[in-house]
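Bear in mind that the values in this text are calculations on the coordinates, not laboratory data. What you see is a predicted model, and the numbers here were worked out from it, not measured in a lab. Don't worry about glycine lacking a Cβ; one is built from the backbone with ideal geometry, like all the others, and counts go over all protein chains shown.
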Amino acid sequence: MMQLKSTTPATFDLFADDAPPLPATEQIGPCSFVFRGFALPMVEPLLPTLEAVLAQAPFRNMVTPGGHIMSVALSSCGEFGWTTDRRGYKYSRIDPQSGQPWPAMPELFLKLAQAAADAAGFADFIPDACLINRYIPGTKMSLHQDKDELGLQWPVVSVSLGIPARFLFGGHARSDATTKVPLFHGDVVVWGGEDRLRYHGVMPIKQAEHAQLGEQRINFTFRKAR
Ligand code: SIN
Ligand code: FE2
């Protein structure tokens, strides 16, 4: 079960005059950016919103087509959720655990994804899928491509919360060299365009504790699945 320390929901408008300035940007590919602390201004309302989603669709460890149980636990919100089982990977409108549609994508999630995509030069991004991954210390995500989507003209927007990770950003072949990108609470990575199908993954998460999220890292990846 997810343990969140209680936070006070606050209203927040990313576009208000007194909104904080755009945080430092790092370019990691022709169409790929790391926006440091981009999600921080909305973390307070984001966490209880996340809790509400998880109450409807709790984290679970799914099985890969190869029969391995994923160390990273997942949930989803939006029209489509990414799932895996012995038959393969797919996007589904229905949460296989509940038999119900995935929780709707909260407006706040959509706003965050849109603002980050926009900052990377992808205006009008309307993701229909938000995969929510939970990493605990020792878990990792092997190098892979996000290629189960039809909307490959749209970027992937990845939001990191909780304990740090070392994100691996590779090339178009699995064997290509990778760049290690440290990711912290509130950082957002966007990759799209010619970088959309680049291999990426997450190195084993080191033991750490985050003030709000405890011993876990939560990652959202927003995509246009259909
Ligand atoms: C993913 O590729 O699905 C997750 C990336 C991350 O956790 O940073
Ligand atoms: Fe991915």
Note, ³J(HN,Hα) from phi for segment 209-214, Karplus 6.51, -1.76, 1.60, rounded to Hz, x at Gly and Pro: 9, 9, 4, 9, 9, x
Cα-based reach from LYS206 at 18 Å (exclusive), listing aspartates and glutamates while leaving out same-chain residues under 8 positions away: ASP187, GLU215
Rounded to whole Hz, the Karplus (6.51, -1.76, 1.60) HN-Hα couplings of segment 123-140, x for glycine and proline: 6, 6, 5, 10, x, 10, 9, 10, 7, 10, 9, 10, 10, 10, x, x, 8, 8
Taking segment 78-226 and dividing mean pair separation by its residue count, relative contact order in percent (alpha carbons under 8 Å, at least six apart): 30 percent
Per DSSP, loop GluC sites (Glu not before Pro) in segment 118-226 with at most 15 further Cβ within 10 Å: GLU209, GLU215
Gap separating the Cα centres of segment 41-118 and segment 198-219, nearest whole Å: 17 Å
Contour excess over end-to-end distance, with Cα ends at ASP85 and ASP118 and 0.36 nm allotted per residue: 8.5 nm
Value of [θ]222 nm, deg cm²/dmol, for the chain, DSSP H segments ≥ 4, -39500 (n - 2.57) each, nearest 500: -4000 deg cm²/dmol
Those aspartates and glutamates that a straight Cα-Cα span of less than 19 Å connects to LYS180, excepting residues fewer than 8 apart in one chain: GLU26, ASP146, ASP195
